[in-house]
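Read the structure below first, then the notes.
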Amino acid sequence: MKCGWWSSILCAMFSTLACGGGSDAADAGLTNTASFEGIYQLTAASENTAGCATPTTSKLSQLSDHFFVITASEIFGQKYLMLNSCSSVTDCQTKRAAQLANQFYQIEYSYTLSSSTNSTTLSGFEAGTGSNEGGQCVGRTYAEHVLTVAADHGVHLESRTKQLANRPQNGGFCEVDPAQAKQEAASKECSNLELLDGSFLQAN
């Protein structure tokens with residue numbers, strides 16, 4: 001179970017750092033959040049932990065949260081979109097309120113989108129610090145997310161994760177530099193593919 005308040009803050013901060021100075025369309029920030037916001041029912045979920053060529057069998061039955069809510073927020077002047085899991089429509093509304101109030105909440109799965117690729121596609125990323133093992137930061141990751149919305153307001157999310165090499169701690173801590181993590185990930189093979197689909201239920 002993840003803690004939603006901190007994931008929202010940290011992912012937004014990382015997006016701010018990584019997008020600075022870019023010239024690509026994906027670096028322009030979010031411009032079309034209204035098309036994505038709302039409460040959805042999870043209709044499909046799959047994961048391939050051995051690579052990203054194809055998804056594996058469905059993991060829908062393994063998940064407890066079969067709903068999710070997509071909510072736009074802003075921090076340090078930058079807009080971002082959070083997809084947070086929830087167990088019911090009421091739970092989605094409660095978690096949306098907690099996110100907007102910067103309060104603590106728990107989630108089974110969550111994704112942050114920070115850039116608009118075009119009118120129907122958002123993208124985002126997550127850079128993981130890894131954990132301390134004998135002075136080394138082990139299990140470092142870099143994941144890229146793509147969220148698309150269809151004409152019927154249904155959404156499809158693809159998340160691809162790459163494993164990064166171990167690194168020594170910095171001053172006794174495992175830290176992350178998103179721009180550096182992205183550069184490291186450029187030469188790595190994708191190791192994990194997650195797919196989610198949701199049907200639109202109602203506006204927030």
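The values are calculated or read from the model by the stated rules, or taken from the named source; none is laboratory data. For clarity, every value in this text was computed on a predicted model and none was experimentally measured. Glycine also receives a Cβ, built like all others from the backbone with ideal geometry; neighbour counts cover every protein chain displayed.
Some notes on this structure:
- Selected residue [more than 20 Å from Ala50 (Cβ to Cβ) and assigned to a strand (DSSP E or B)] from Leu147, Leu193: Leu147
- When the range 114-156 is filtered for residues that are free of Cβ contacts under 8 Å to residues at least 40 places away in the same chain and farther than 23 Å from Glu184 by Cα, the ones remaining, listed by number, are Thr121, Thr148, Ala150, Ala151.
- Set side by side, the residues Ser159, Ser123 differ, and just one is within 25 Å of Glu108 (Cβ to Cβ), out of contact with any Asp or Glu (no Cβ under 6 Å at 6 or more places or on another chain) and in a strand (DSSP E or B), which is Ser123.
- Ala127 vs. criteria under 30 Å from Glu175 (Cα atoms), in contact with a helix residue (DSSP H, G or I) (Cβ under 8 Å, 6 or more places away or on another chain) and at pLDDT below 95: yes
- Filter result for the condition that a residue is buried (at least 20 other Cβ atoms within 10 Å of the Cβ) and of a type in the set (Gly, Ala, Ser), over Gly139, Gly171, Gly124: Gly124
- Count of residues meeting criterion [surrounded by 15 or more Cβ atoms within 10 Å (Cβ to Cβ) and either on the phi > 0 side of the Ramachandran plot or touching an Asp or Glu at 6+ places or on another chain (Cβ under 9 Å) (or both)] in the range 69-79: 4
- Residue list for the range 80-94, restricted to those being surrounded by fewer than 17 Cβ atoms within 10 Å (Cβ to Cβ) and of a type in the set (S, T, N, Q): Ser87, Ser88, Thr90, Gln93, Thr94
- Qualifying residues in the range 21-56 (those that are part of a helix (DSSP H, G or I) and at pLDDT 85 or above) - the one surrounded by the fewest Cβ atoms within 10 Å (Cβ to Cβ): Ala34
- Residues in the range 95-119 that are outside any strand (DSSP E or B) and within 15 Å of the chain's Cα centre (by Cα) were compared, and the one that is surrounded by the fewest Cβ atoms within 10 Å (Cβ to Cβ) is Glu108.
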